[in-house]
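Chemist: Take a look at this one; I'll ask things after.
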Amino acid sequence: MMRLLECRGITKTYGRISALSEIDFVLEPGSVTAVLGLNGAGKSTLFRILAGLIVSFSGELYFRERKLRRGPGDSHDTMFLFDDPRLFEEFDERGNSRLIADLNGGWERSQAPRRAGTSAAMEATGSDEAGRKRIGEYSHGMRCRLAFELFAAHSRPALMVLDEPTNGLDIEALERLEHDLAKRAREDGTAVLFSTHYLEMVERTADRALILRNGRLVAEATGKDLEASRLRSLLLGEAGKT
Amino acid sequence: MKAMLRFESRRLGRDRSFILSWSFYFILFAIYALLLHLGRVGSLGEGSMPMNVTYASYAFKEPWAVLAIIISVMAAASVQRDLKTGIIETILTQQVSRSSYVAGKATMFSMLGILGSALLGLLAWAIADMIFSGRPPIDAADVEAGRAWLFARHCLSVILTSFGVVPPVLIGIGLALVACPLVAVAAAISVTMILLRLYAQTVLAPAILPDYSFAVLPPVPGADSIWLAGALVLASLLIHRGLDLVANRVDL
């Protein structure tokens with residue numbers, strides 16, 4: 001099967017401190033991969049490298065089997081969502097939808113995706129009335145949901161990278177997110193890479209988990225190892241690489 | 001680039017600090033121009049400003065220099081705000097490369113600078129080259145223009161005519177933007193300035209100023225605007241390339 005994303009020996013240091021060391025993994029289309037690790041393990045650094053926000057690193061990065069100088073964050077078929085997603089706070093949902101459409105070449109594209117994006121976002125976050133509120137007045141959870149819907153609606157991602165997307169989500173939003181990720185991977189062939197501290201979500205959603213500890217990839221879990229209790233053991237270092 | 005310009009213009013339209021500082025600047029310019037005018041015609045003291053120098057030559061230069069500084073500060077503040085609020089992460093993880101982001105900002109603020117300059121220039125020219133009067137033209141029964149006396153309404157029509165060139169200029173700039181923003185805008189401004197100068201020199205000014213002197217204008221009409229346009233294009237390209245080089249080597 002085609003390798004959608006491949007990381008070879010990704011290493012990042014801040015002075016003498018090693019944030020990531022020799023990370024190797026491959027993502028295939030339709031796969032759902034979780035990146036797990038305690039705070040400071042290097043998950044966000046890895047995601048920021050993949051997004052192209054961190055450009056000074058060593059190692060090799062391939063996207064669609066093409067070698068890249070930096071992460072494919074600005075590619076038309078990727079979507080990145082960070083744990084505290086920033087939207088345009090002085091605008092309401094429609095305004096944000098238009099701006100995100102502009103950032104994705106909305107002027108050249110038809111109006112349909114823009115309207116669809118706005119509708120999907122407004123459906124996800126509540127009523128029409130809520131849609132008129134400025135984003136600055138939204139709760140963290142609502143902002144996360146809206147950002148996910150908007151970014152997804154205005155791109156057709158083959159690769160979806162989500163850094164702790166479960167932060168601040170209520171149970172309904174969490175279930176919706178799990179459903180969305182599984183559906184996209186299964187029906188659209190989207191490769192999903194996400195980090196989280198909810199091990200039960202990993203058990204239900206992912207088909208592989210990468211365990212990071214102190215910037216190193218120490219374990220890779222599949223199959224039965226994806227049970228929350230086993231993942232917990234791997235995370236806390238009570239088991240070796242499986 | 002068009003999408004980035006739309007994006008930036010939408011954001012600027014909601015940016016209160018931008019709107020306030022932009023409005024404040026033009027209000028200050030109007031006060032400055034009024035004071036100069038009053039000083040020139042003798043309402044303030046003896047009228048130290050020379051009457052035989054085009055009003056535009058000194059009512060325009062200093063505000064233009066201030067405008068260039070203000071635009072630079074606004075552009076820098078805009079980038080700084082994007083970095084500080086973290087919104088740059090959202091922008092750069094859509095279909096926007098760092099180069100496009102930098103180019104979008106540079107083009108947007110260059111356009112604002114050019115538009116501001118054009119407005120300043122047109123205002124100054126409208127007052128200076130076309131109404132060379134010794135008292136405010138609107139509220140006087142008749143106005144002394146050089147050695148001739150004109151009805152105030154005649155002067156008003158001249159003013160309106162001169163301001164009438166503003167919409168075509170703005171439309172021209174808008175159309176030029178569709179193609180190649182920086183070069184086209186600079187070229188459009190340059191051509192417009194040349195035409196305006198020729199129009200003012202050969203038609204309007206002689207019509208209302210019998211003793212109008214060509215000596216106060218440059219020997220080649222519009223030569224200064226050609227240099228200005230060329231410098232703008234060169235500066236923009238250099239800034240673009242420079243920022244691009246830096247931007248692609250910095251972790252965010």
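The values are calculated or read from the model by the stated rules, or taken from the named source; none is laboratory data. What you see is a predicted model; the values in this text were computed from it and never measured. For neighbour counting, all protein chains shown are included, and Cβ atoms are generated from backbone atoms with ideal geometry for every residue, glycine included.
Chemist: For the range A:75-98: of the residues being more than 15 Å from A:Leu146 (Cβ to Cβ) and surrounded by 24 or more Cβ atoms within 10 Å (Cβ to Cβ), which is nearest to the other protein chains (Cβ to nearest Cβ)?
Modeler: Checked the range A:75-98; the qualifying residue nearest to the other protein chains (Cβ to nearest Cβ) is A:Phe80.
Chemist: Would you check which residues across the range B:85-101 are out of contact with any Phe, Trp or Tyr (no Cβ under 9 Å at 6 or more places or on another chain) and more than 7 Å from every other protein chain (Cβ to nearest Cβ) and list them?
Modeler: If we filter the range B:85-101 for residues that are out of contact with any Phe, Trp or Tyr (no Cβ under 9 Å at 6 or more places or on another chain), which is where we start, we get B:85, B:95, B:97-101.
Within the range B:85-101, B:Arg98, B:Ser99, B:Ser100, B:Tyr101 qualify.
Chemist: Is it the case that the range A:7-24 has a residue that's charged (D, E, K, R), within 14 Å of another protein chain (Cβ to nearest Cβ) and touching a residue at least 24 places away in the same chain (Cβ under 8 Å)?
Modeler: Quick first cut of the range A:7-24, residues charged (D, E, K, R) only: A:8, A:12, A:16, A:22, A:24.
So of that shortlist, the ones also within 14 Å of another protein chain (Cβ to nearest Cβ) come out as A:12.
Next, only the ones that are touching a residue at least 24 places away in the same chain (Cβ under 8 Å) stay: A:12.
Yes: one or more hits.
Chemist: Inside the range A:61-74, can you point out the residues that are part of a loop (DSSP other than H, G, I, E, B) and surrounded by 18 or more Cβ atoms within 10 Å (Cβ to Cβ)?
Modeler: Applying the first criterion (part of a loop (DSSP other than H, G, I, E, B)) to the range A:61-74 yields A:64-65, A:69-74.
Correct list: A:Arg70, A:Gly71, A:Pro72, A:Gly73, A:Asp74.
Chemist: Please go through the range A:199-217 and give me each residue that is closer than 18 Å to A:Ala41 by Cβ and surrounded by fewer than 18 Cβ atoms within 10 Å (Cβ to Cβ), ordered by number.
Modeler: The initial filter retains those residues of the range A:199-217 that are closer than 18 Å to A:Ala41 by Cβ, namely A:199, A:201-202, A:206, A:208-217.
Across the range A:199-217, the qualifying residues are A:Asn214, A:Arg216.
Chemist: Looking only at residues that are among the β-branched types (Val, Ile, Thr), over 30 Å from B:Ser99 (Cβ atoms) and part of a helix (DSSP H, G or I) in the range B:3-57, which one is modelled with the highest pLDDT? If you could, list the steps in order and put the result at the bottom.
Modeler: If we filter the range B:3-57 for residues that are among the β-branched types (Val, Ile, Thr), which is where we start, we get B:19, B:27, B:31, B:41, B:53-54.
Now restrict to residues that are over 30 Å from B:Ser99 (Cβ atoms): B:27, B:31, B:41, B:53-54.
Applying the additional criterion that residues be part of a helix (DSSP H, G or I) yields B:27, B:31, B:41.
Values: B:Ile27: 81, B:Ile31: 76, B:Val41: 58.
Filtering first and then ranking leaves B:Ile27.
Chemist: Another question, then. Taking the range A:28-54, which residues are within 12 Å of another protein chain (Cβ to nearest Cβ) and assigned to a loop (DSSP other than H, G, I, E, B)?
Modeler: So in the range A:28-54, the residues within 12 Å of another protein chain (Cβ to nearest Cβ) come out as A:44-45, A:47-54.
Result: A:Ala51, A:Gly52, A:Leu53, A:Ile54.
Chemist: Hey, can you tell me all the residues within the range A:55-74 that are touching a strand residue (DSSP E or B) at 6+ places or on another chain (Cβ under 7 Å), within 10 Å of chain B (Cβ to nearest Cβ) and free of Cβ contacts under 8 Å to residues at least 40 places away in the same chain?
Modeler: A:Gly71, A:Gly73
Chemist: Among the candidates A:Glu172, A:Glu220, A:Glu187, single out the residue that is within 25 Å of A:Leu5 (Cβ to Cβ) and part of a helix (DSSP H, G or I). I'd like the intermediate steps shown before the answer.
Modeler: Working: A:Glu172 fails: within 25 Å of A:Leu5 (Cβ to Cβ); A:Glu220 fails: part of a helix (DSSP H, G or I).
So the residue among A:Glu172, A:Glu220, A:Glu187 that is within 25 Å of A:Leu5 (Cβ to Cβ) and part of a helix (DSSP H, G or I) is A:Glu187.
Chemist: Can I ask one more? Would you please name the residue that is farthest from A:Ser97 (Cα to Cα), looking only at residues in the range B:3-13 that are facing chain A (nearest Cβ under 7 Å) and more than 22 Å from the chain's Cα centre (by Cα)?
Modeler: B:Ala3
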